[in-house]
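Everything below concerns the one structure shown next.
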């Protein structure tokens, strides 16, 4: 990349922040589950029988799903790190991957910006989609939280760069830390496993996160 | 009591509102620090239940806004997904109570009831 980014944290810092983000994130569904179960218990104590209304049951199910997803993601990260998980290299169309990431996010956050250039790379399509969705979510979370991130894509010699930004540039530089969310660290690992890299700049109410994806390798061809 | 709840996680905020409303409190909910700051400028609250990590950034910005106001602001119960904060964490001195997630209803109610006049 030709532009300057803050230096990447070292491996140990990344590991610590990944675990911190994971621990932080499982507390949210755990809190919901604890509260729903206690509401159900109170209801049972008050009326002499177990009652869990549909809304509470759906909240409980959603929280369990969140925990399941976090556990699956952590396991995938562990298997990737140990080389026990084979990627399914492309060719993968960048525009299709960005579009699918937007669908996966369901508008939370919404992605605005130019259509990506016509380019294919040797990327694992399914994992690239999840990685891009995670990076967009992290940019929104570390930026202004407005629910919209700006997308810019460009092709450089041998690589494609996909960048999500949130908020207005300016202010003091801030660490990534737990605010990035577990999705950031998982996305970063997926991109690295595909031979790419992730860069992040965070300031007051502003963040931009970029995935740099290699165009070379088997099955990959650049354009645009 | 009139309580401002700033929490961006919908399920948790829905449950907290249900519990506190059932207990006779009036709860105003918002999902961002910016909304919380606006509400605090416009209305008086007896207590703020504040998530440390809001959708638009660090919940401590809201604490800073309360501290910067000309009149003394409401006490803040800080809900945090970081678990139990270190004793020397400066954030512990700036809020009335820390409520680490995952908390249960009893812990929530005790934290709130401590401020009932």
Scan segment B:81-117 for residues that are in a strand (DSSP E or B) and more than 20 Å from residue B:18 (Cα to Cα) and jot them down.
-> B:97, B:98
From the list B:47, B:15, which residue is more than 25 Å from residue A:40 (Cβ to Cβ) and surrounded by 20 or more Cβ atoms within 10 Å (Cβ to Cβ)?
-> B:47
When only residues in segment A:21-50 that are more than 8 Å from chain B (Cβ to nearest Cβ) and within 20 Å of residue A:175 (Cβ to Cβ) count, which is modelled with the highest pLDDT?
-> A:22
For segment B:53-74, what are the residues that are in a loop (DSSP other than H, G, I, E, B) and within 14 Å of chain A (Cβ to nearest Cβ)?
-> B:55, B:56, B:59
Within segment B:19-37, residues in a helix (DSSP H, G or I) and in contact with a strand residue (DSSP E or B) (Cβ under 8 Å, 6 or more places away or on another chain) come out as B:20, B:21, B:33, B:35, B:36
Of all residues in segment A:148-168, count the ones that are surrounded by 24 or more Cβ atoms within 10 Å (Cβ to Cβ) and more than 11 Å from residue A:116 (Cβ to Cβ).
-> 4
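The values are calculated or read from the model by the stated rules, or taken from the named source; none is laboratory data. Here the structure is a predicted model, which means the values were calculated and not measured. In this analysis, Cβ positions are derived from the backbone assuming ideal geometry, glycine residues included, and neighbour counts consider all displayed protein chains.
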